[in-house]
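Colleague: To start, I am sharing the structure in question, which I have written as structure tokens.
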Amino acid sequence: MHKLFGGLILLLIGLLPLQGQNFEGVIKMEQEGEAGMRYQLNWYIKKDQIAFEVQTKSDPNSLKMRFVPQPQKNNMLMVIQSEEGQSKKEISSRDIEADLGLSNAVIKSEKVRKSVEFGQLYTLNIETDKFNTEVELVKEIDVDLKKYAAYLKNDYGIQALIQTGAKGFPLNSTTYDKYGKLISKTKVLSIVRQKVDDKYFQ
């Protein structure tokens with residue numbers, strides 16, 4: 001009887017990671033686009049919820065936009081914070097469009113390095129016929145990105161990970177087109193494990 005009970009406990013412990021993401025906290029990033037525009041990007045992650053906030057880096061008075069994927073409603077909640085106040089809008093996933101050309105994505109190599117700040121990091125080089133992306137990811141941040149694929153169509157690093165089936169959350173990523181022109185660059189600034197208030201998801 002004791003052996004059976006012990007076996008059930010081990011089985012349940014083994015199944016725990018499958019029940020949802022374990023990481024809860026805030027990831028702060030800086031992102032640079034094609035035209036040299038820089039953005040502050042904050043990710044809020046809690047259980048089976050994610051949200052990200054975007055603001056122009058050079059202008060602290062610019063609009064702050066928060067996006068909350070809502071797979072259960074098949075839409076994306078957009079919260080806009082401006083000097084006039086806050087407004088909210090729901091966008092259907094069908095209206096989120098992007099053609100990143102990832103259907104033939106190929107992982108060229110994988111490297112592993114240790115980081116004092118973030119633990120073990122994995123670097124993937126991903127090539128398509130349109131662009132090359134290098135993504136550095138941490139596997140301990142166990143967000144199910146496939147669940148949010150329809151809402152994060154414009155992020156090269158995330159879409160490349162989803163399409164190639166790689167596990168983990170992208171921290172640093174750089175994407176160039178076939179001619180070597182920078183398309184986007186994302187740099188992680190900090191990862192903080194902390195309780196995240198429900199207000200970021202509504």
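Values in this text are rule-based calculations from the coordinates and carry no lab data. Please read all numbers here as calculations on a predicted model, not as lab measurements. Quick reminder, even Gly has a Cβ in these numbers, built from the backbone with ideal geometry, and neighbours come from all protein chains shown.
Colleague: Can you compute the modelled spin-label distance between GLU97 and GLU140, with each label point 7 Å from Cα toward Cβ, in nm?
Modeller: Modelled inter-label distance: 4.2 nm.
Colleague: Rounded to whole Hz and in sequence order, give me ³J(HN,Hα) for the stretch 75-83 from the Karplus expression 6.51 cos²θ - 1.76 cosθ + 1.60, θ = phi - 60°, writing x for Gly and Pro.
Modeller: Along the stretch 75-83, the couplings run 8, 10, 7, 10, 10, 10, 10, 9, 4 Hz.
Colleague: Output wanted: per-residue J couplings in Hz (rounded whole) for the stretch 64-74, from phi through Karplus 6.51 cos²θ - 1.76 cosθ + 1.60, θ = phi - 60°, x for Gly and Pro.
Modeller: In residue order, the calculated couplings are 10, 10, 10, 10, 10, x, 10, x, 5, 9, 6 Hz.
Colleague: Same structure, new question: With just the Cα atoms of the stretch 24-200, tell me how far they stretch along each of the three principal axes, in Å, largest first.
Modeller: 47, 35, 34
Colleague: Okay, moving on. For a quick check of your reading of the filter: which GluC sites (Glu not before Pro) in the stretch 121-202 sit in a DSSP loop and have no more than 16 other Cβ atoms within 10 Å?
Modeller: Passing sites in the stretch 121-202 are GLU140.
Colleague: Can I ask one more? Provide the net charge surrounding ASP142, with neighbours chosen by a C-beta distance below 14 Å and charges set as Lys +1, Arg +1, Asp -1, Glu -1.
Modeller: Values: positive: LYS46, LYS47, LYS139, LYS146, LYS147, LYS167, ARG193; negative: GLU24, ASP48, GLU140, ASP144.
Value of the local net charge: +3.
Colleague: With each label point set 7 Å from Cα along the Cα-Cβ vector, what nm distance links LYS181 and ASP198?
Modeller: Once both label points are built, they end up 4.7 nm from each other.
Colleague: Then there is this: What ranking do 141-149, 86-94 get when scored by the average of other Cβ atoms within 10 Å per residue, highest first?
Modeller: Values: 141-149: 17.1, 86-94: 11.6.
Those peptides, ordered most packed to least, come out 141-149, 86-94.
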